[in-house]
Every structure is written in C-alpha cells, then in structure tokens.
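S.K.: Dropping the structure in here first, questions after.
The values are calculated or read from the model by the stated rules, or taken from the named source; none is laboratory data. None of the values given here were measured: they were computed from a predicted structure. Neighbour counts are summed over all protein chains in view; Cβ atoms, including those assigned to glycine, are modelled from backbone coordinates with ideal geometry. Note: accessible area is taken over every heavy atom of the protein model, side chains too, but ligands, DNA and RNA are not part of it. Shrake-Rupley method; radii C 1.70, N 1.55, O 1.52, S 1.80 Å.
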Amino acid sequence: MNKLPKKPRNENMYKAILSLNSVEECMRFFDDLCTVSELMAMEQRYQVATCLNEGMIYKDILAETGACSATISRVNRWLPYGSGGHSNGGDCMKEEEKWIGRAKH
C-alpha cells in the first residue's frame, strides 16, 4: 500500500539524478542536497533493505549495518508495500557486477 504524496512530486530532481554519470557525481549531488544525518539514514535503510532481501535475520542485520531493531522492523514492514524501487536498484547493481566480473576475466 503506497502512500500517495499530498503534493506533486518534483520530477526535475529525479531527472537531475538520472543525468548523473558516475557514483562520484551522485555522491556530490546528494552531499549538496542532504544533511549528513539524512544521507546516513538513507544509506543505512538501503543497506538494511538489501540484507532483508537476502534473507538475513535481524541479529545479523544489526551486526552488519549498525541499525537499531526499530529501523530494521520499519524497513521490513515497508518492503512488501513499496513500489519496487529498491529491488530495481538492486537488480541494476547485480547486472553491473556481472559485467564488471566478465571484464576482469
């Protein structure tokens, strides 16, 4: 169940993100846009979601990410109702890792 935004989304921000050409550009973009604590929270939630998708248990996720059990629980409750964006991002990364692995051999 997605929560619909109360006001229109700023599509220009997402277009700007899509126009970035490297991880470094993306990091600089978010460094300028977000506070350190906002970035840390987003990165940690992404890491927790990845661990949950890999089937890890809470105790191991806590050790891996440093996230509190409330954050892990919150992300776990959100994943089934999300719009699929996290898994799309993970799929892109897995595909990129395959190509990088092939290039090394």
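S.K.: For Val36 and Tyr81, calculate 0.36 nm times their separation in residues minus their Cα-Cα distance, and state this gained length in nm to one decimal. Please list the in-between numbers first.
M.R.: Working: separation 45, 0.36 × 45 = 16.20 nm, distance 2.73 nm.
So the extension gain works out to 13.5 nm.
S.K.: Quick one: net charge of Cys34's neighbours, Cβ under 14 Å, K/R +1, D/E -1?
M.R.: Numbers: positive: Arg28, Arg45; negative: Asp31, Asp32, Glu38, Glu43.
Taking every Cβ under 14 Å from that of Cys34, the sum is -2.
S.K.: On a 1.4 Å probe surface of the protein chains, which of Lys59, Lys6, Lys15 comes out largest in accessible area, and what is the full order? Could you put the intermediate results ahead of the total?
M.R.: Working: Lys59 140, Lys6 205, Lys15 120 Å².
So, going from the largest accessible area down, we get Lys6, Lys59, Lys15.
S.K.: Next question. Measuring from label point to label point, each 7 Å out along Cα→Cβ, what is the Tyr46 to Arg74 span in nm?
M.R.: 1.8
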